[in-house]
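A quick write-up on the structure given underneath.
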Amino acid sequence: MKHEYRFPNIPELKDVSVFVENKGRQLKTEIKGKFPLRLWLLTKYYFKVFSLIRPIVQSPEGNFYSLYLPPIPSPAHARLFSSTISSVYYKRELPLAVTIGVTDDCQYACVHCSAAGRSKVKPIMSLEEIRLVVRECLDIGISNITFTGGEPLLRDDLEECVACVPPELATSQVFTNALALTAKRARSLKAAGLHGVQISLDSPSPEVHDRLRGMKGAFGAVKEGVKNALDAGLFVGISTYATRRTALDKNLSKLVSICSEWGVHEVSAFDAINTGRLQEQDVELLDTFSRKVLLKEARALNRKHRGRLRVVTQSWTNSGRGFARLIGCLAAHMQFHITSQGDFTPCDFTPLSIGNVREQSVQENWRQLLLHAEYCKRSTKCRMQDPEFRKRYIEAIPEDGELPYSVHNFDHRQSDHS
Ligand code: SF4
């Protein structure tokens, strides 16, 4: 299959086409038009890296490498590639992905919930508002839309939210705890056009997962949800988080072994981040040594599973090494988050808001984020784990400050002092 990639967001490349073709695992590229040499090399490097990786699925729609990426080649991936070139080569940042909160409700009260503590003063976005927000996200080039919560499946119109995302423009995913992911619901989400689900699993031990979720049977619900989603033809990712203890205990290997038996496509291990309810817990976050252990373990797991199941870690994307140099902190570079009440935040874990999509467009919020002193420069490291950033912004949020806290309050304070 061959697709023509164009660059509608980049005036300098208006006459350029890159033809991308998958021949099995290999991705062949043919460039037509005037391409600067460094960009030519970058393009070749980009597709070469994917040629070296075994896809988790090869299908007539293209090669699937990750739930976070549209298939390659495909029209949605062409959009992602154009935005990547704009950001990486021309330094005009265009987002690739958005996470959109659709509800604050949840059946659990997990110890690590990043949404805990957010204000519930404003009403949650209506279906009409979500439709508009999705449209605006697509208009600025987004090619991956993830619906989050709370628990998104508690919204009866989630299928209608998913149906707003045309697969030729973007892939769609839902983060879920799977408690309500029945066979019927999985089928109706697939029929609405959903690409995949990311199911949270906190521990390979059923007892520990149930304890962390505060409900007996939560682990069983994950297993059942994975089966229902796979039967419906959805891509299935498991999302977990790593602490110093779980990294040193090699929990990831135990969890991946279970996921492999269940037929899961991808396991994402996020860093435990001191935000939401986790701020109140006595959890040791990853340090340099445990992070090294985790990265080594993830590399070994990827070698072992050879593409049948992929393991991705936030510790790698924030490592600043190799291909990960292009990634780093996703906030204001590749991604942003919109809360269920329309607040525009740098990411799901950062309790700071730039504005609200009810008051100004997604594009204007993105523009303001990029103009902000903290976000106008890229960071390879996670800002939420950077002590300096936390001191300046997170620890400075007043105790009675409503979350997400307007970042402009800090700007006013700085200009008052200048
Ligand atoms: S601050 Fe950056 S790296 Fe950290 S969780 Fe947010 S997007 Fe990811």
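The values are calculated or read from the model by the stated rules, or taken from the named source; none is laboratory data. What you see is a predicted model, and the numbers here were worked out from it, not measured in a lab. Positions of Cβ are generated from backbone atoms using ideal geometry, with glycine treated the same way; all protein chains shown enter the neighbour counts.
Number of residues in region 204-224 that are part of a loop (DSSP other than H, G, I, E, B) and among the basic types (K, R) equals 1. Quick check on L39: is it touching a residue at least 24 places away in the same chain (Cβ under 8 Å) and in a loop (DSSP other than H, G, I, E, B)? No: the conditions fail for L39.
Condition check: within 15 Å of the ligand (Cβ to nearest atom), more than 18 Å from the chain's Cα centre (by Cα) and surrounded by 22 or more Cβ atoms within 10 Å (Cβ to Cβ). Does I354 satisfy that? So I354 fits the description; yes. Only one of T176, T182, T171, T243 is more than 23 Å from L309 (Cα to Cα) and of a type in the set (S, T, N, Q). Can you tell me which? T182 is the lone residue from the list that is more than 23 Å from L309 (Cα to Cα) and of a type in the set (S, T, N, Q).
Residue pairs whose Cβ atoms lie under 6 Å apart, sitting 6 or more positions apart in sequence or on different chains, and linking a residue in region 380-392 that is within 18 Å of H333 (Cβ to Cβ) and modelled with pLDDT under 95 to a partner that is within 9 Å of the ligand (Cβ to nearest atom) and among the polar types (S, T, N, Q), are K381/N318. How many residues, within region 335-347, are within 16 Å of the ligand (Cβ to nearest atom) and surrounded by fewer than 24 Cβ atoms within 10 Å (Cβ to Cβ)? Number satisfying all stated conditions: 2. Reported count of residues in region 368-402, each being surrounded by 14 or more Cβ atoms within 10 Å (Cβ to Cβ) and more than 16 Å from the ligand (Cβ to nearest atom), is 2. Residues of region 357-367 that are of a type in the set (S, T, N, Q) and surrounded by 19 or more Cβ atoms within 10 Å (Cβ to Cβ): N365 alone. A single entry from I327, I338, I354 fulfils the requirement of being of a type outside the set (S, T, Y) and modelled with pLDDT under 95: I327. Among the conditions (1) part of a loop (DSSP other than H, G, I, E, B); (2) among the aliphatic types (A, V, I, L, M); (3) out of contact with any Pro (no Cβ under 8 Å at 6 or more places or on another chain); (4) at pLDDT 95 or above, I142 misses just one, which is (3). Restricting attention to region 225-284, the residues that are touching a residue at least 24 places away in the same chain (Cβ under 8 Å), assigned to a loop (DSSP other than H, G, I, E, B) and over 19 Å from I56 (Cα atoms) total 9. The lone criterion from (1) over 18 Å from D105 (Cβ atoms); (2) crowded, with 19+ Cβ neighbours inside 10 Å left unmet by A183 is number (2). When L132 is tested against (1) at pLDDT 95 or above; (2) surrounded by fewer than 24 Cβ atoms within 10 Å (Cβ to Cβ); (3) closer than 30 Å to A242 by Cα, just one condition goes unmet, and that condition is (3).
Once region 315-334 is narrowed to residues that are in a loop (DSSP other than H, G, I, E, B) and more than 10 Å from the ligand (Cβ to nearest atom), the residue that is farthest from H112 (Cα to Cα) is R321. Taken as a whole, the condition of being touching a residue at least 24 places away in the same chain (Cβ under 8 Å), surrounded by 22 or more Cβ atoms within 10 Å (Cβ to Cβ) and not in a loop (DSSP other than H, G, I, E, B) does not apply to L67. Pick from region 268-277 the residues that are within 12 Å of the ligand (Cβ to nearest atom) and not small (G, A, S): which of them is surrounded by the fewest Cβ atoms within 10 Å (Cβ to Cβ)? Restricting to residues being within 12 Å of the ligand (Cβ to nearest atom) and not small (G, A, S), the top hit is N274. Within region 327-363, the set of residues being touching a residue at least 60 places away in the same chain (Cβ under 8 Å) and among the small types (G, A, S) comprises A332, S340, G342, S361. In region 303-319, the residues that are in contact (Cβ under 8 Å) with a residue 12 or more places away in the chain form Cβ pairs under 9 Å with partners that are part of a helix (DSSP H, G or I) and within 12 Å of the ligand (Cβ to nearest atom), at six or more places apart or across chains, as follows: W316/A324; T317/A324; N318/A324; N318/Q385.
Does G328 satisfy being at positive phi and surrounded by fewer than 22 Cβ atoms within 10 Å (Cβ to Cβ)? Yes.
Does S340 count as over 21 Å from E402 (Cα atoms) and of a type in the set (G, A, S)? The answer is no for S340.
Conditions tested, residue by residue: (1) within 13 Å of the ligand (Cβ to nearest atom); (2) under 30 Å from E399 (Cβ atoms); (3) surrounded by 13 or more Cβ atoms within 10 Å (Cβ to Cβ).
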residue	(1), (2), (3)
E261	no, no, no
E266	no, no, yes
E284	no, yes, yes
F289	no, no, no
A298	no, no, yes
N302	no, no, yes
G307	no, no, yes
T313	yes, no, yes
